[in-house]
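The values are calculated or read from the model by the stated rules, or taken from the named source; none is laboratory data. As the structure is a prediction and not an experimental result, all values here were calculated from the model. Cβ placement follows ideal geometry from the backbone for every residue including glycine, while neighbour counts extend to all protein chains displayed.
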Amino acid sequence: MSRRRTDAKADRSGGRRKSETPDRDDIRILNELLQDARLSYRHIAANLGLSTATVAQRFRSLQKRGVILGSAPILNYERIGYAFCVLTLIKVKQGRLFEAMKRISAEPHVFGVYDHTGGTDATVLARFRDRTSLDRFLKVLQAIPTIERTETHLVLNVFKENIRHLPDF
């Protein structure tokens, strides 16, 4: 196995370093999985010119290190009835961001909550089957005492949503 770059110093026992940066072969494996998460270790190994055992070991290592968090199908949400996708910009009362984001994250329609810089504090991404459920959600947000204001945008078209290849490789 090739030597890996690391972001932290080795522990005193001489063991592996805690925060390892994926090397080129790890990235190549990840790119294969981003294209199709159902690929077998054997198929990935054949595509990349690695042994099946190497791919399996690296996959387990990537999981253990928290690089691979799981696998899930990529859905066409409109085809299963979630026609309304919204981005809601949120301004939170000073010092209350974590509290507000925790509350919003618990809402079942929410699939993304992002803390960011700029004129607002956070952006929430959510999907809905109909205007009624969207309306209820917006009223729930506006009733959260730690939220000062919201601004909701209806997504009309999605041009790109899934990362299917890691940049720079």
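Could you please find all residues in segment 146-169 being in a loop (DSSP other than H, G, I, E, B) and touching a residue at least 12 places away in the same chain (Cβ under 8 Å)?
Within segment 146-169, Thr146, Val155, Val158, Asn162, Ile163, Arg164, His165, Leu166, Phe169 meet the criteria.
Listed here are the residues, each with its yes/no results for (1) farther than 30 Å from Ser133 by Cβ; (2) at pLDDT below 95.
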| site | (1), (2) |
| --- | --- |
| Leu50 | yes, no |
| Arg58 | yes, no |
| Arg96 | no, yes |
| Glu99 | no, yes |
| His109 | no, no |
